[in-house]
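The values are calculated or read from the model by the stated rules, or taken from the named source; none is laboratory data. This one's a predicted model, so the numbers in the text were calculated from it and none came from an experiment. As a convention, Cβ positions derive from the backbone with ideal geometry for all residues, glycine included, and neighbour counts pool all protein chains shown. For accessibility, only protein heavy atoms count, side chains too; no ligands or nucleic acids. Shrake-Rupley method; radii C 1.70, N 1.55, O 1.52, S 1.80 Å.
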Amino acid sequence: MTDLIPAWIDGTLTPVEKLDAHLRGLRHKAVSVFVMRGGDILLQRRALGKYHTPGLWANTCCTHPHWGEAPLDCATRRLRQELGMTGLVLTHKGQVEYRADVGGGMIEHERVDIFTAVAPPGPGPAPDPVEVMDTRWQSLASLRADIAAQPERFTPWLRIYLDRHADQIFSAAS
């Protein structure tokens, strides 16, 4: 099955195979989710089988919408698929755009719809091991310190989000 995502070619939004969009560095749509509980953010460590940035720590969930899929539907779908999390109320925190080299000749050039959610107390995520090899809850201050000490352990987009868009993502009102 081909994974077609919305990407811009010559200014026109077009369905493009996901790997091709990354190899060509095409600007494309994406979704990122930050789930919080108390003062902590849920992070995921990407599975080693991922075709880019395997084994790196990222925000709770990030993905690309299918062609024709709404950002909120995409975020809800991937939280369920990657982390087994359902029933969360997602809040749209706006859009950001970034371009980053993710290795292997691939570029993420994304226009990202950012969502946040608050997880209730109780059992945590139930990650799909094909997608996620580990999870942890971490405070923003501690995460910033870890990224400063060992940036190579974190995805480029997570570093960009915290460096350039933290106020937008973590503000009480968008």
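So which of PRO127, PRO120 ends up being open to solvent by 30 Å² or more (accessible area, probe 1.4 Å), under 27 Å from HIS22 (Cα atoms) and either in contact with a helix residue (DSSP H, G or I) (Cβ under 9 Å, 6 or more places away or on another chain) or touching a residue at least 12 places away in the same chain (Cβ under 8 Å) (or both)? Outline the logic, then answer.
On the way: PRO120 fails: under 27 Å from HIS22 (Cα atoms).
None of the other options fit; the residue is PRO127.
Hey, any hits in segment 77-86 for a residue that's acidic (Asp, Glu), in contact with a Pro (Cβ under 9 Å, 6 or more places away or on another chain) and within 23 Å of PRO127 (Cβ to Cβ)?
So the first thing to find is which residues in segment 77-86 are acidic (Asp, Glu), and the list is 82.
If we keep only those that are in contact with a Pro (Cβ under 9 Å, 6 or more places away or on another chain) too, we end up with 82.
With the extra rule that they be within 23 Å of PRO127 (Cβ to Cβ), the set shrinks to 82.
Taking every residue of segment 77-86 in turn, at least one turns out to be acidic (Asp, Glu), in contact with a Pro (Cβ under 9 Å, 6 or more places away or on another chain) and within 23 Å of PRO127 (Cβ to Cβ).
Any idea which residue in segment 42-53 is modelled with the highest pLDDT, counting only those that are in contact with a strand residue (DSSP E or B) (Cβ under 6 Å, 6 or more places away or on another chain) and surrounded by fewer than 19 Cβ atoms within 10 Å (Cβ to Cβ)?
If we take residues in segment 42-53 being in contact with a strand residue (DSSP E or B) (Cβ under 6 Å, 6 or more places away or on another chain) and surrounded by fewer than 19 Cβ atoms within 10 Å (Cβ to Cβ), then ALA47 is modelled with the highest pLDDT.
Among the residues that make up segment 110-118, is at least one of them farther than 30 Å from ILE9 by Cα and small (Gly, Ala, Ser)?
The answer is yes; a qualifying residue exists.
Out of everything in segment 1-38 that is among the small types (Gly, Ala, Ser) and open to solvent by 60 Å² or more (accessible area, probe 1.4 Å), what residue ends up being farthest from the chain's Cα centre (by Cα)?
GLY11
Out of the strands (runs of 3 or more DSSP E) lying entirely within segment 60-174, which hold 3 or more residues that are at negative phi and within 14 Å of the chain's Cα centre (by Cα)?
It comes to 61-63, 91-103, 106-118.
Among the residues of segment 66-82, which ones are under 23 Å from ALA166 (Cα atoms) and either out of contact with any strand residue (DSSP E or B) (no Cβ under 9 Å at 6 or more places or on another chain) or buried (at least 20 other Cβ atoms within 10 Å of the Cβ) (or both)?
CYS74, ALA75, THR76, ARG78, LEU79 - these are the residues of segment 66-82 that are under 23 Å from ALA166 (Cα atoms) and either out of contact with any strand residue (DSSP E or B) (no Cβ under 9 Å at 6 or more places or on another chain) or buried (at least 20 other Cβ atoms within 10 Å of the Cβ) (or both).
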